[in-house]
1. If you scan segment 105-123, which residues turn out to be open to solvent by less than 40 Å² (accessible area, probe 1.4 Å), modelled with pLDDT of 90 or more and outside any strand (DSSP E or B)?
2. Can you tell me which residue among Ile87, Ile78 is modelled with pLDDT of 90 or more and in contact with a Ser or Thr (Cβ under 7 Å, 6 or more places away or on another chain)?
3. Could you check how many residues of segment 110-122 are under 19 Å from Glu74 (Cα atoms) and free of Cβ contacts under 8 Å to residues at least 40 places away in the same chain?
4. Count, please, the residues in segment 152-167 that happen to be over 17 Å from Phe131 (Cα atoms), over 18 Å from the mean Cα position of the chain (by Cα), of a type outside the set (Val, Ile, Thr) and assigned to a strand (DSSP E or B).
5. Only one residue in Val140, Val114, Val120 is more than 17 Å from Gln82 (Cβ to Cβ) and under 27 Å from the mean Cα position of the chain (by Cα). Which one?
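The values are calculated or read from the model by the stated rules, or taken from the named source; none is laboratory data. Treat the numbers as computed from the prediction; the structure is a model and nothing was measured. Neighbour counts run over all protein chains shown; Cβ positions are idealised from the backbone, glycine included. Protein only, heavy atoms only, side chains kept; ligands, DNA and RNA dropped before computing areas. Shrake-Rupley method; radii C 1.70, N 1.55, O 1.52, S 1.80 Å.
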Amino acid sequence: MRSWLAMFGLALLPLLAEAAVYKWVDENGTVHFSDKPHPNAEQIRLPKPSTYTPPPLPSSQPAVKKPAAAPGYERLQILEPQNDATIRNDAGEFSVRLLLQPDLRRGLGHRVLVELDGKVYPLDSGLEYRFRNIDRGSHVLRARVVDGDGKELIASEPLTFHLLRHSAITSGGKRVAPTAPAAPQAPMAPRLER
């Protein structure tokens, strides 16, 4: 019981740090603590309580790092088609034209890749590519330069364009011109039966 009272008294010490605290031992050897003076009690000088101030929390939004251009390449941009462009072509064809500064270092094994909706197409020569038979709809286009190991050295900003293809009603593989609706007929007079 004595240890329990002592622990309780010690637990109250931080709360009483600003107030005077008195300690005494009774005839049974029990230690007492009080904030009121008692005969044969001594006043205890308590140290100031230690406090902890945590560092500020980091921002909830992570910093967005833009990939740095690799040494030797300053710019890779898609010149054609333009962002949000609408291309009308019934065969589903369009051209991609790129700008790369400085020129591609083929001697180091560098290659240019064009991605259309996540599918990769390597450019064998030059900075132009002709796509054929692409489905109509919206598409995302991106270009990048990679080294011989496939490591990305520089990338263009992705862009979205829209490809429109004529939709025709076909019959037996031949195009059929739409027909005009039938002319309205005059309503028939009701027949009376006898």
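1. Of everything in segment 105-123, just one residue is open to solvent by less than 40 Å² (accessible area, probe 1.4 Å), modelled with pLDDT of 90 or more and outside any strand (DSSP E or B), namely His110.
2. Values: Ile87 fails: in contact with a Ser or Thr (Cβ under 7 Å, 6 or more places away or on another chain).
So the residue among Ile87, Ile78 that is modelled with pLDDT of 90 or more and in contact with a Ser or Thr (Cβ under 7 Å, 6 or more places away or on another chain) is Ile78.
3. Summing the residues that are under 19 Å from Glu74 (Cα atoms) and free of Cβ contacts under 8 Å to residues at least 40 places away in the same chain in segment 110-122 gives 4.
4. Total meeting the criteria: 2.
5. From the options Val140, Val114, Val120, the qualifying one is Val120.
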